[in-house]
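See below for the structure under consideration.
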Amino acid sequence: MTDDLYRELILDHYKNPRSYGVLDDADARAEGQNPLCGDEVTVTVKFAPDGETIDRVGFEGRGCAISQAATSMLTELARGRTATEVATLPKEELLDELGIPLTPIRLKCAILGLGVLKVALHRAKGTPLPDEWQGLDFA
Amino acid sequence: MAVGTQPKLDAHKLRADFPIFEQSFHGKPLAYLDTAASAQKPRQVIEAMSTFYETSYANVHRGVYELAERATQALEDAREKVRAFVNAASAREVIFVRNATEAINLVAYSWGLNNLGPGDVVLVTELEHHSNFVPWQYVARRTGADFRLIPLDDRGELRLDELGSFGNVKVVATGLVSNAIGTINDAAALAAWAHERGAIYVCDAAQAAPHVRVDVQALGADFVAVSGHKLCGPSGIGFLWGRAELLLGMEPFLMGGHMIRKVTAGETTWGELPAKFEAGTSPMAEAVGLGAAIDYLDAIGLEAIEQHEHALAAYALEQLAEIAGVTLYGPPADRRAGIVSFNVEGVHPHDVAQVLDADGVAIRAGHHCCQPLMGRLGVAATNRASFYLYTVPEEIDRLAAGVRRAAQLFA
């Protein structure tokens, strides 16, 4: 079971996170914590000149392999999509990408970065923030 | 072999009392190393509660019929067992509550809100569980008192040499044993220091009572809070011991049935101790279970349990110290309870715990409700393995093997 959970793709994203580092010229930014385990993620977004398309995503964080690898994968999923598309992106799409069975506790780790990204877009563009993410929007 | 070196406790044999160990997890026998969060329950406790429900259940302190009297007797027998367990002067000083958290909140609200004000100092420590931290922080803010912390040294022991510098201290609240790193505090010295200043001393003994003899009179404390679930009793019950003269002078905490003397539209007067602090229907079966747990521990002997845990902690510290990249927290084995907190370089505690779970080894990963302590240690979280009377050395070998596996997986 452990070997399924920590499959090579996840370990690779954890050890070599993509798009690591907050963007100095960010148009959108949010931070979030998982109070259960102390995972922390900061997500920043730079839009393309059309003001809608996500050009770059940069993140920083500390936490378990699942939360950090999932956020790394998310930066690849989000790039090139519009703010509205990402605001309504179902979490299942990210979970499919992770491709591992998750208990309810670890699910919270896996979708922390996604929630933080949605909060960042909500603040910058007024995109809708579903109920399940509103707890993250405390700033 | 000299008599003094004979093992006083046979953990392999005692495990047979615990039905939980009859299961396997991920195809492996359960190595339950999370007793500091909650202890498993022996058959003796489970059966005492079932028997109470089957033969003696009715609401207590109400009916005049025989069954109600039997239930009341069972509750009061449990109270007497608690009294003897902590050597209280009188059973009326034993108040049943949900858990140690509720016990501390009772004191913080009923004593703190009415006795603290601007210029007073509420003193806790960097080591505290949130249960003995947040209520005092809150009550200090409500009353305008200052909230101060006794600092820790780098080993996670209280800097008692700093005790001079806190001003007009009115209450000192500390744990007896740290749930996060196992430090055993000198509670008697803290109580004496508090009393020299006219302050009260509140002792959170939730983590201590399962492991060491807590004698409230020898400690010299004013209030002692204990949870039942950590000492093999059921969840949903704990107790507050308080000095009768203080309890008598306090306002009640929760209002309602059973805690009154007389109720009219104009006024309500309070009942006698302990009823004054036990509003509503009591956790009756839970009290019976707690009594059975105390009988169970007494039959084994707390001294034997303490000795067993010290030996396991020393063994675990030794095993883990050999693994590259492992950082251990807390004092040396002879000054800690059966709790070992550690981190593995480059591996988040949740991931360590997940790898161990696949081997049937249950440990806790997180902040252990001790975020100020985590801040002092400079970490967000730790792994914590904790041991009890049913823990065997083979389980510590499995822990060490799993930690090695986790370190390799993430290397």
Within 10 Å, count the other beta carbons around each residue, average over each peptide in A:80-87, B:220-227, and list them highest first.
-> B:220-227, A:80-87
Anything over 26 Å Cα to Cα? Flag those among A:108/B:230; B:28/B:81; B:81/B:262; B:8/B:41, in the order listed.
-> A:108/B:230; B:28/B:81; B:81/B:262
What percent does the relative contact order of the range A:2-128 come to when contacts are Cα pairs within less than 8 Å and at least six residues apart?
-> 30
Partners for residue A:91 among aspartates and glutamates (Cα-Cα distance below 16 Å; same-chain residues under 8 apart left out) | A:76, A:131, A:132
Computed over the range A:60-134, Cα set: Rg, Dmax in Å | 11.8, 33
For B:46, A:54, what's the fewest-to-most ordering of other Cβ within 10 Å of each Cβ?
-> B:46, A:54
Rounded to the nearest 500, what is the 222 nm mean residue ellipticity of chain A from helices alone, with -39500 (n - 2.57) per DSSP H run of 4+ residues and division by all residues?
-> -12500 deg cm²/dmol
Let me know the mean shielding of A:35-45 by other chains, meaning the per-residue number of their Cβ atoms within 10 Å of its Cβ.
-> 3
Between the alpha-carbon centers of the range B:332-371 and the range B:374-402, tell me the distance in whole angstrom.
-> 4
Cα-Cα separations in the range B:102-199 greater than 23 Å, expressed as whole percent = 19
May I ask you to order B:380-386, A:56-62, B:301-307 by the average number of other C-beta atoms within 10 Å around their residues, highest value first?
-> B:380-386, A:56-62, B:301-307
In debye, nearest 20, what is the charge dipole magnitude of chain B about its Cα centre with +1 on Lys and Arg Cβ and -1 on Asp and Glu Cβ, if you could check?
-> 580
Note the angle between two axes, namely the Cα long axis of helix B:66-86 and the longest principal axis of the Cα atoms of chain B, as a number of degrees from 0 to 90, rounded to the nearest 10.
-> 60
So for chain B, taking the charge dipole from beta-carbon charges (+1 Lys/Arg, -1 Asp/Glu), which of B:165, B:297, B:268 sits furthest toward the positive end?
-> B:268
Assuming a ≥ b ≥ c are the square roots of the Cα gyration tensor eigenvalues, decide whether the range B:170-241 counts as rounded (a/c under 1.5), prolate (otherwise, with a/b larger than b/c) or oblate.
-> prolate
Can you quote the Å³ per residue value for the convex hull of the Cα atoms in the protein assembly as shown, rounded to an integer?
-> 191
With the convex hull built on the alpha-carbon atoms of the range A:2-128, volume per residue in Å³ sits at 92
Ordered by fewest other Cβ atoms within 10 Å, a rough proxy for footprinting exposure, B:147, B:342 read B:147, B:342
Enter the mean number of other protein chain beta carbons within 10 Å of the beta carbon of each residue in A:95-102, as an integer.
-> 0
Mind pulling the angle between the C-alpha long axis of helix B:43-55 and the longest principal axis of chain B? Nearest 10 degrees, somewhere in 0 to 90.
-> 30
Return the ratio Rg/(2.2 N^0.38 Å) for chain B, where Rg is computed over Cα atoms only.
-> 1.01
In deg cm²/dmol, rounded to the nearest 500, the helical mean residue ellipticity at 222 nm of chain B, built from -39500 (n - 2.57) for every DSSP H run of length 4 or more, is -11000 deg cm²/dmol
Just order B:188-200, A:38-50 by mean Cβ neighbour count inside 10 Å, highest at the front, would you?
-> A:38-50, B:188-200
Counting other beta carbons within 10 Å of each Cβ, put B:270, A:133, B:136 in order, fewest first.
-> B:270, A:133, B:136
Can you spot the lysines whose alpha carbon is less than 19 Å from residue A:125's alpha carbon? Ignore those fewer than 8 places along the same chain.
-> A:46
Estimated dipole of chain A in Debye, rounded to 20 [Cβ of Lys and Arg +1, of Asp and Glu -1, Cα centre] | 200
For chain B, averaging the sequence separation of alpha carbon pairs under 8 Å that lie six or more residues apart and dividing by its residue count, the contact order in percent is 22
Please average, across the residues of B:338-351, the number of beta carbons from any other chain that are within 10 Å of each residue's own beta carbon, and give a whole number.
-> 3
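Just so you know, all these numbers are worked out from the coordinates, no wet-lab data involved. Keep in mind that what you see is a predicted model, and the values were worked out from it rather than measured. As a convention, Cβ positions derive from the backbone with ideal geometry for all residues, glycine included, and neighbour counts pool all protein chains shown.
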